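Heads up: the structure comes next, in structure tokens.
Read the figures in this text as sums done on the coordinates, not as results from a lab. Keep in mind it's a predicted model, so treat the numbers as computed, not measured. Using ideal geometry, Cβ is built from the backbone for each residue, glycine included, and neighbour counts are taken over all protein chains shown.
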Amino acid sequence: MTQPFEQISQHRCFGGTMGFYRHQAASTASAMRFAVFTPPQAASARVPVLYYLAGLTCTEETFMIKAGAQRVAAELGMMLVTPDTSPRGLNLPGESDSWDFGVGAGFYVDATEAPWSKHFRMYTYVSQELRELVTAHFPADPARCGIFGHSMGGHGALVLGLRNPDLYRSISAFAPIAAPRQCPWGKKAFGGYLGEDRGQWAQYDASEIAAGVKDAARRPPLLVDQGLADQFLAEQLYPERLEQACRSSGLKLTLRRHEGYDHGYYFISTLIEEHLRHHARILKA
């Protein structure tokens, strides 16, 4: 079978394979990059797959290079998949004017406003096109699929996971933008991608989605870690709103607050093993 993607590079890693790829995506009408760590267990059977969504300015490489996740993923027999954070190279007006909107800042929504609506469709890209491509061409088990992420990607992981319980059986996040309708990053992104009708923004706000969950007892527990020295905590992240939302709906949430930790990958690499084991417990149950 001809592969619908180009291999950029491939590397042996903890007995498995670390690969970086590019393909022409229909959902974004653009070239998209993604990375896959395939554990050694995949040589003989399909394995659980965990999608990681990165934060503002990051790429498909950031997590794979900085988080130190492959050793534990190899031990657990879990595939890791990371998409890029937005389409690139389109030369849309204003796409590179700021670091928190446009290139590297897709916010995992399907844009409805021009000129973004043709290309910035990261919700559909991650939940449908990339997932289907990985299932078809890598030894991933679609019945054992989880999602997690950091900051903007933590927002994306919570939203995609909560809205698609039939696709994602496990969910976690590092320092997520938990209530984007209320914070400056979210207001800027949602206003630009979705327009001024704030009612349309609610479908991409994890706290509002969590508050509306009706079958909380059947949902997997959420794991969220937040550093208390995070420079964005007070103004942008609002984890307490997610906490309140889950309490109101009965959704199971473990929100852990860590003294001294900031927003970066030193924080993520400290806790990555616990997150991978959290997903493995659920996906292998």
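Tell me, how many Å apart are the Cα centres for the range 39-85 and for the range 220-276? Their Cα centres are 20 Å away from one another. Using Cβ point charges alone (K and R +1, D and E -1), the dipole size of the range 1-94 about the Cα centre works out to roughly 80 debye. With a cut-off of 13 Å between beta carbons, the residues surrounding ILE268 carry a summed charge of -4, where Lys and Arg count +1 and Asp and Glu -1. Length gained on full extension, SER96 to ALA43: 14.9 nm, using 0.36 nm per residue less the C-alpha separation.
Once the chain from THR270 to ALA26 is taken as fully extended at 0.36 nm per residue, the excess over their C-alpha distance is 84.2 nm. Putting +1 on Lys and Arg Cβ atoms and -1 on Asp and Glu Cβ atoms, find which of SER44, PHE107, GLN70 reaches farthest to the positive end of the dipole of the range 35-114. So the residue we want is SER44. If r is the Cβ-Cβ distance from HIS258 to ARG71 and R0 is 25 Å, what FRET efficiency results, to the nearest 0.05? The value I calculate is 0.70. Over the chain, dividing the summed -39,500 (n - 2.57) contributions of all DSSP H runs of at least 4 residues by the number of residues returns a 222 nm mean residue ellipticity of -8000 deg cm²/dmol.
The charge dipole of the chain, taken about the Cα centre with unit charges on the Cβ atoms of Lys, Arg (+1) and Asp, Glu (-1), comes to about 820 debye, rounded to the nearest 20. Name the residue farthest towards the positive end of the dipole of the range 49-174 from the options TRP116, LEU167, CYS58, assuming +1 on Cβ of Lys and Arg, -1 on Cβ of Asp and Glu, about the Cα centre. Final value for the positive-end residue is LEU167.
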